[in-house]
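What follows draws every value from the coordinates through simple rules; no lab data is involved. No experiment lies behind these values; they were computed from the predicted model shown. Backbone-built Cβ (ideal geometry, glycine too); neighbour counts: all protein chains shown.
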Amino acid sequence: MCGIVAGVSTRNIVPILVEGLKRLEYRGYDSCGVAVHQDGVLRRTRSTARVAELQEQVNADHVQSGTGIAHTRWATHGAPAVHNAHPHFSGTLGPEAAASPQAAERGARIALVHNGIIENHDELRDELKAKGFRFESQTDTEVIAHLVNHLYDGDLFDAVQRAVARLKGAYAIAVFCRDEPHRVIGARAGSPLVLGIGEGENFLASDAMALAGVTDQIVYLEEGDVVDVQLGKHWINGLHADGTLKTVLREVRTVHAHTGAAELGPYRHYMQKEIFEQPRAIGDTLDGINGISPELFGDGAYSAFKDVDQVLILACGTSYYAGSVARYWLESIAKIPTSIEVASEYRYRDSVPNPRTLVVTISQSGETADTISALKHARSLGMTNTLTICNVQTSAMVRECRFNFITRAGAEIGVASTKAFTTQLVGLFVLTLALAQVRGHLPDDVEADHLKALRHLPAGVQAVLALEPQIMAWSEEFAAKENALFLGRGLHYPIALEGALKLKEISYIHAEAYPAGELKHGPLALVTSAMPVVTVAPNDALLEKLKSNMQEVRARGGELFVFADADSRIESDTGLHVIRMPEHYGVLSPILHVVTLQLLAYHTACARGTDVDKPRNLAKSVTVE
């Protein structure tokens, strides 16, 4: 959520700023804006529409400059409205500047954009109001702009360093000053920010993807860094152990940000495209894995895995459900005690740390603020064996963890995760096998069987995708509903949870998931003919018990929609609709079954006419707590 693009150049960078915002649209936003240094004054254009409309405004207003900042905002403090949109200005004080917003804007000296949340913004707001600053928004961000302006004494780099020392919370900022053309200052703590180095020009962005095609020379700024960006030069002050900022050198990496994945091609939405990319994504993730070895997760993994006696999984949202499936695998195959925590809750409760724990984080972006904070908390408790399953090699999560497994899902644009989820499951299953091997629970013949099943996954998923026409027919019935239940048992209960999440995310139908055995402990009271009940029914050891649970629904007049394995002996009947899966897939069955639920959610949302790729109130990359 929220995106930053900024830069200084001798050429007009406004097209670069706007294109960068377009590349960050997938993160989710509800307003956007651009500010530049033009003809000796600060100018800005802001909108609560899409970036495409912002571009039209910029072109109509003839906004152009070699120095500027741009932003997409996901509302936290203050409603999605133009006056709350970034960039925020702070002007010179005085009766004329305070007379009206228009007068204040004409006198603007500081322009600033910000990702994150400032926790002490109320205290700072009161202080700045007492000094005569006028606030035009309800945002915490405007506080930073006025604070920098208050501290400015001819050197923006110094003013920003002094300002961030007073901030509590998370931030990535880019700021420039009317009085210092061709200079932008950036700073970060708790939110990602990268420096892009060009020839005679330099840029800042919250994601290297925003700078694709502009520069591939990227510096990943570290916690507490403040960077001074000018024409042809830059320098970074880093936070040292004594709390002071001192000049540091950061590694410059060559990063080839992929842009082709952002092309929609023949698909109606990115989510549909990404659902159908899953066979390729799974195949790419498994590419080169010819045998199971702890070293797939990094040097030294064998000795670290040998030392652990339990696993702790930290994740949020869809990634949490991937971890919930993995718990079943880890305990049944690797025979290792496993717990899973909602990352946003973990560090706020007392827990009992075990230094022999393998802490596993799961994140599609690798920038999820809650999960990064939970990881740091686990480390502070002495649990230093850390591993991440992540889709972005260069992300903060990968840099923070000792070991990693990089999924190769490619860029995922749709807010509702699909291919990132299934490739996470693949990575978690490989981790399960590696731990089982180290612990002596993976005989060679069993390993060979599991590898064969993994290699068949792309073909298995392709066969499931062929069910799309049947699922589309179901979606027409679901589109008229406002509530739905999802049922699963054992290994497939987390898949039911994921299916309910997908439906509510993009169709806005209220959906909940339960272990099927829990129906009679409360949820059965909701079952009527108006309540569709989606059931995940693999042919496993719990199938007969699941059938009994299904009969409980039918006895109350409920309407069942069942995804059943071919040999499960469940037949369509009045109030019982069945779509047959191509085959039973054993312990990897969740990866196939979830694809059907993705398709059901997608086509139901299409039938209801919602914005599938950008569902209301949600963001792709959650970089605030």
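In table form, for the structure just shown:
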quantity	calculated
Simple label model, 7 Å out from Cα along Cβ direction - Glu345 to Asp153, nm	5.0
Whole-number D in µm² s⁻¹ for region 458-567, Kirkwood Cα-pair radius fed into Stokes-Einstein, 20 °C, 1.002 mPa s	150
Extreme residue, positive dipole direction of the chain, given options Pro590, Leu425, Gly91 (C-beta unit charges)	Gly91
DSSP bridge orientation in the chain - percent antiparallel, rounded to nearest 5	60
Cross-link pairs Lys168/Lys376; Lys520/Lys545; Lys273/Lys452; Lys22/Lys168 - those with Cα-Cα distance over 22 Å	Lys273/Lys452; Lys22/Lys168
Solution diffusion estimate, µm²/s, Stokes-Einstein, region 216-315, Kirkwood Rh from C-alpha pairs, 10 °C, viscosity 1.306 mPa s	84
Folded to 0 to 90 degrees: helix 589-608 orientation relative to the chain principal axis, Cα	60
Rg ratio (alpha-carbon, reference 2.2 N^0.38 Å) - region 428-492	1.70
Geometric extent, Cα atoms of the chain - Rg, Dmax (angstrom)	25.9, 82
Percent of C-alpha pairs per 5 Å bin, region 266-460, short to long	1, 8, 17, 21, 21, 16, 9, 5, 2, 0, 0
For region 335-415, the fraction of alpha-carbon pairs in successive 5 Å shells from zero, as %	3, 15, 26, 25, 16, 9, 4, 1
Relative counts (whole %) of C-alpha pair distances in region 3-257, using bins that are 5 Å wide	1, 7, 15, 20, 22, 18, 11, 5, 1, 0, 0
Region 489-547 shape via C-alpha gyration tensor axes, a/c threshold 1.5	oblate
Helix axis angle, 543-555 relative to the chain longest principal axis, alpha carbon, degrees	80
Mean residue ellipticity (222 nm) of the chain, computed from DSSP H runs ≥ 4 via -39,500 (n - 2.57), nearest 500	-10500 deg cm²/dmol
Percent RCO, i.e. relative contact order, over the chain, from Cα pairs under 8 Å lying at least 6 residues apart	12
Sequence of Met581, Met472, Met383 once ranked by neighbouring C-beta atoms within 10 Å, starting from the fewest	Met472, Met383, Met581
For region 554-619: rounded, prolate or oblate by the Cα gyration tensor [a/c cutoff 1.5]	oblate
In degrees, nearest ten, helix 468-478 long axis to first principal axis of the chain (Cα)	80
Ranked packing of 304-314, 517-527, 361-371, 584-594, most packed first, by mean Cβ within 10 Å	361-371, 584-594, 304-314, 517-527
Gained length - Asn290 relative to Lys168, 0.36 nm times residue gap less alpha-carbon distance	39.1 nm
Fewest-first ranking of Phe403, Phe486, using other Cβ atoms within 10 Å as the exposure measure	Phe403, Phe486
Fully extended contour minus Cα-Cα distance, from Leu264 to Asn120, at 0.36 nm per residue	47.6 nm
